[in-house]
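I have placed the structure first, in the form of structure tokens, so that the comments after it can refer back to it.
Each value in this text was obtained by applying a stated rule to the coordinates, not by laboratory testing. Just so it is clear, the model here is predicted, and its values are computed rather than measured. Using ideal geometry, Cβ is built from the backbone for each residue, glycine included, and neighbour counts are taken over all protein chains shown.
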């Protein structure tokens, strides 16, 4: 079962430092662009992943083509993909050794969530960390 208890979600956000964002965008009109900025303002390191803008920089961070290229520990993978593409992103998160996956608002894939949980990852689904952080009173990092 994905995390739904506010205390469990807050604990995940408190222990997270590095977030890889699959589906990050360099377009200010896209939700992922604003969410990435909000997460950075809160003190998280957010590494953007998007094969369409690879090699560029978004909010000062190099954009990787795929999760496997990052080459450093990832606490959480924030997934900005359609529900029908979320499973592939979850599988990549499992393969890279992430500790958690966070499927954004409207992104629901029960089978992928079950795979992640079976692999030992924490799962949050159909929520946004930029909304949950102030709602739960998560203290800024740093």
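The figures follow:
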read-out: Top-ranked residue in region 76-123 [being surrounded by 24 or more Cβ atoms within 10 Å (Cβ to Cβ) and in a strand (DSSP E or B); ranked as nearest to the chain's Cα centre (by Cα)]; value: 78
read-out: Region 57-70 - residue that is in contact (Cβ under 8 Å) with a residue 24 or more places away in the chain and part of a helix (DSSP H, G or I) and, of those, surrounded by the fewest Cβ atoms within 10 Å (Cβ to Cβ); value: 68
read-out: Filter result (in a loop (DSSP other than H, G, I, E, B), out of contact with any helix residue (DSSP H, G or I) (no Cβ under 7 Å at 6 or more places or on another chain) and within 18 Å of residue 11 (Cβ to Cβ)) within region 124-142; value: 127, 137, 139, 140, 141
read-out: Flag if residue 73 is touching a strand residue (DSSP E or B) at 6+ places or on another chain (Cβ under 7 Å), surrounded by fewer than 13 Cβ atoms within 10 Å (Cβ to Cβ) and either in contact (Cβ under 8 Å) with a residue 12 or more places away in the chain or part of a strand (DSSP E or B) (or both); value: yes
read-out: Matching residues in region 15-44 - criterion: being in contact with a helix residue (DSSP H, G or I) (Cβ under 9 Å, 6 or more places away or on another chain) and farther than 21 Å from residue 106 by Cβ; value: 16, 26, 42, 44
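Let's see how each residue does on (1) more than 13 Å from the chain's Cα centre (by Cα); (2) in a loop (DSSP other than H, G, I, E, B); (3) surrounded by fewer than 15 Cβ atoms within 10 Å (Cβ to Cβ):
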| position | (1), (2), (3) |
| --- | --- |
| 11 | yes, no, no |
| 21 | no, no, no |
| 26 | yes, yes, no |
| 34 | yes, no, yes |
| 39 | no, no, no |
| 43 | yes, yes, yes |
| 54 | yes, yes, yes |
